[in-house]
1. Please report Rg over Rh for chain B, where both radii come from the alpha carbon positions and Rh follows the Kirkwood definition.
2. Highest mean first, how do B:294-302, B:378-386 rank when packing is the count of other Cβ atoms within 10 Å averaged over residues?
3. With N denoting the number of residues in the range A:213-352, provide Rg(C-alpha) divided by 2.2 N^0.38 Å, to two decimal places.
4. Relative to the Cα centre, what is the charge dipole magnitude of the range B:64-174, using +1 at the beta carbon of each Lys and Arg, -1 at the beta carbon of each Asp and Glu, and rounding to the nearest 20 debye?
5. Going down the table (A:332/B:157; A:25/A:332; A:191/A:332; A:40/A:117; B:157/B:180; A:25/A:191), which pairs top 20 Å between alpha carbons?
6. With r defined as the distance between the Cβ atoms of residue B:344 and residue A:341 and R0 fixed at 51 Å, what FRET efficiency is calculated, to the nearest 0.05?
7. Between the range A:54-102 and the range B:308-370, how many Å separate their Cα centres?
8. Taking each residue of B:163-173 in turn, how many C-beta atoms of other protein chains fall within 10 Å of its C-beta, and what is the average?
Amino acid sequence: MAAPTMNRAGSDSGDSAVQTLTISKALNMGLRAAMEANPKVLMMGEDIGKLGGVFRITDGLQKDFGEQRVLDTPLAESGIIGTAVGLAIRGYRPVCEIQFDGFIFPGFDQIVSQVAKLHYRTQGKNKLPMVIRVPFGGGIGAVEHHSESPESYFAHTAGLKVVSCSNPTDAYWMIQQAIDCDDPVLFFEPKRRYYEKAPVDTTKAPGPLFESRVLRTASNSASAGTSTSAGQAATLVGYGPMIRVCLDAANAAAEDGTELEVIDLRTLSPLDLGPVYDSVRRTGRLVVVSEAPSESSITSEIAAKVQQECFYSLQAPVLRVTGFDTPYPPSKLEEEFLPDLDRVLHAVDRSLAW
Amino acid sequence: MSSPEQWTHPEPASAPAATAAKPTAEQVIAGLRATDQGDVNLVQLLTPEGERVQHPDFDIDITAEELRGLYRDMVLIRRVDREANALQRKGQLGIWVPLLGQEAAQIGAGRAMRPDDMAFPSYREHGIAWTRGIHPTDLLGIFRGTDMGSWDPVEHKFHPYTIVIGNQVLNATGYAMGQKFDGKVGDADGEATMCFFGDGATSQGDVHEGFVWAAVYDAPLVFFCQNNQWAISEPTERQSRLPLYQRARGYGFPGIRVDGNDVLATLAVTRWALEECRQGNGPILIEAFTYRMDAHTTSDDPSRYRLSDELELWKLKDPIERVKVHLVKQQWADSAFFESIEQESEALAVELREFCVNMPDPPPERIFANVYAEGNPVLEAQRDEFLAYVEGFAGGEH
Ligand SMILES: Cc1ncc(C[n+]2csc(CCOP(=O)(O)OP(=O)(O)O)c2C)c(N)n1
Ligand SMILES: [Mg+2]
C-alpha cells in the first residue's frame, strides 16, 4: 500500500461526517478526496472533463484540479490504458474511466498484456498503481454494448485485482482504497444503481478493500431468533448491482419463514470466500447471483471452491442465477435476461427442495 | 479529373500543423477552430446562400429533377429524425441518435453509391440507410430495444449499425479487399465499399489499422469521415492537430475535405472517389466538414460543453435551406413542389409514429436465437430450462 490514507476525512469538517449520498455522488466525492490527498492522482477518459463523464462521476473535478489532472483524452481505449501505464511507471496514479462496459475491449490488449504483467516481468521494479473504472451491467434500457458484465475476463487474468461496489459507503471508500493500492485494480460500478441513496460516514472506512462482507445473517434477519435448521436457510452471494436483488429476495423469503444470509463479495479477484464458507456451513445451501453469463465465470469459480471447502456441509448443489450464455439481448428482453427476485427465489426453492 | 497521385501530395494550406496554436475561446465560439484554420481546400459547389460556384477539380452536371430529388431526400430524412427524436421524448424509444445537420453529407454520399456497392455505417447514418432503400421504420427497433437492426444487410448491402467506435472500419476494409480479390475492381463497372465514421473515431487504433490495410491492399474503399466537430463533448482538436483529411497523406492515399453541408459537393466528390476505387485507385479518404446540430444523443446535454452561438453560426450554413434557395432562384421548383414534399414528410412521420407505438415486444426465445450458426447444445439446454420456467409463470404454478 501507498501512504495510508484510509481514515482520512472525505472533506474537512467533522459535522458533515454522515451524509446521505447516491453511489454516483459518493464516487465523485471519493475521487475528489483521493485527488486532494495525493497530487499524483490523475483522471483520464472520454468526456470526463467539462461534461463530467456521461454519468457525471467526475463532475466538477476538471474545473477544480485543471486539465493536467483531469484529462479529456482522445477517443481510444487502448490509448487511455496504454498511456496510463506509462504515467504510472513515471510515478502517477492514473484513474481511467471506461465510458461503458462494452467499450473496454479496445483496451483489452493493454490490460492483459501490460497492466497485468508488468510487475511480474520486471520482478517488482515497476509498480502499476492504476485504477480502471467501469460502469457495468444492464437494466437501463440501453442499446448494444452498454449493459455488459465483462468482469470475469479480468478476474481470469493473473496480475489484476477486481472489485465491485454495491452501495454508497463502499463507493466512497473502495474507490479511494483502490487508488491507494499499488496493484492495478479494475473497479466495476453498478451503473443502474448509481442513483440509489444511503447514509455514508466519510470519517472512517468500514474495512479493507479486498474483503467480502456479510450483509445479513440468519440470526439478525427479519425473523430473528428462529433457528436456522436445515431446509429453512440458504446463503445468497452476489456483488455490484445484484446485491439489491439479493437483499430484496432475503426480505421476501423471510416473510415465508426462510432465512437467507446475504454476502456481498466486493472483491472478485482475489476472492475472499471465508465468510461464504462459514455461512454455507451454517445453512448448507448456496445460490450465487450475477448478471454475467455463467460459463467459465466468477460464479463457476465460487461454485467450484465452495463444493471443495464445504463438501460435507452442503445439503444441495451450489446453484447459480446468472445472465444467459448469449450476447446481451435487445433491451426489451433484459428483464428476462437479468436475474431478478423471482429467479433468485425460484433457485432458493429448488435448493431447499433438493 | 485529376489523378490520384496529385492528391497524394496536397500541400498543407497553412503553417505546418505541428506549430498550429490552440484555438482561442473566440474561435471556438465562432465555429472557426483549428481544423478549419486557413484551409482553402474545402470543396464547395453550392454556397450557404444557395449560389452555385465552380471548383477547378470537381464539378457536377445536375438536372432540376435530380436536385429536387436530393432536396426531397434531405427533407424526408430530417423529418424522420425529428419524429424519432420526439418519439424518444414521449417514451416510445429508449434513445435516439440525431442526424440533424448532417443530411447533405449523408444524402450526397449515399446517392453517389450504386446498388452493388457496400456500405458500413456507424450509428448516426439514418440518411445513408435511406439511400440504401431501408425504410426508416426498420431503424426504430434498435432504439426501442426490440432488435439490433431489422434490415437484411446482405440484400441492402448496408451493414448493421456499429456502436463500438471504429470497429466497422476494419470490417469495411476486409470487405473491400474481398471485392478486389474477387476481380470486381479495375474498370468503370467495378465495385467499391464505403465506410462511415466520425471525427472522434479517427483516434481509434482500428481506424488507423484500416488506413494501413486498405493502402497496402489497394482496397476499393472510400473512408467517409463526417467531421461534425464534436465527439460527444470533445471538439475535433482533441483528436488531431491536423485537419483530418490531411492524415490520408501519411498513409499514402488521397484525402479531400468537402463541405459536408453541401449536397452537390458531397455527391460530386464521393462519385469521383468511388470511381477511382472502381478503377483500382483506392482507397480514398473524404472528410465531410459538417456540424452536429442537436445533442450527441437524446441522453446528452450539450449546454454543458458548447455554446449556443456556435449552433447559431452553423444554422446559417444549413444543408437544406441552401438547396431550397437554389431551386427557387433557378425556378426549378415552385410552391406546389415544396408543398407536396411537406405533405409527403408529414405522412412519413405519421407512418413512423404509428409503426413505433405498435411494435410488439420480442418473445423471450429471441434471447437465445442465432447465437451460433451451428447451434450449441449447452445453450439449448439453458434455453429450454428458462422457457419452462417462464411457462411455469404463465400457468400460474409458481
Ligand atoms: C469504443 C467506444 N468507446 C466509447 C464509445 C462511447 N461513444 C459513443 S459515441 C462517442 C463519440 C463519437 O464521436 P464521433 O466519432 O465524432 O462520432 P459522432 O457521434 O460525432 O457521429 C463515444 C465516445 C463507443 N461507442 N465506443
Ligand atoms: Mg463527431
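Bear in mind that the values in this text are calculations on the coordinates, not laboratory data. Just so it is clear, the model here is predicted, and its values are computed rather than measured. Cβ sites come from the backbone with ideal geometry, for glycine too, and all protein chains shown count toward neighbours.
1. 1.00
2. Values: B:294-302: 17.9, B:378-386: 14.4.
Peptide ranking by packing, descending: B:294-302, B:378-386.
3. Numbers: Rg = 14.1 Å, N = 140, 2.2 N^0.38 = 14.4 Å.
Working it through for the range A:213-352, the quotient is 0.98.
4. Values: 13 positive and 13 negative charges, 86 e Å.
Computed charge dipole of the range B:64-174: roughly 420 debye.
5. On the way: A:332/B:157 27 Å; A:25/A:332 29 Å; A:191/A:332 18 Å; A:40/A:117 22 Å; B:157/B:180 16 Å; A:25/A:191 12 Å.
From A:332/B:157; A:25/A:332; A:191/A:332; A:40/A:117; B:157/B:180; A:25/A:191, over 20 Å: A:332/B:157; A:25/A:332; A:40/A:117.
6. Values: r = 49 Å, r/R0 = 0.97.
Calculated value: 0.55.
7. Measuring centre to centre over Cα atoms gives 38 Å.
8. Values: counts 8, 8, 7, 4, 3, 0, 0, 0, 0, 0, 0.
Whole-number average of other-chain Cβ neighbours for B:163-173 is 3.
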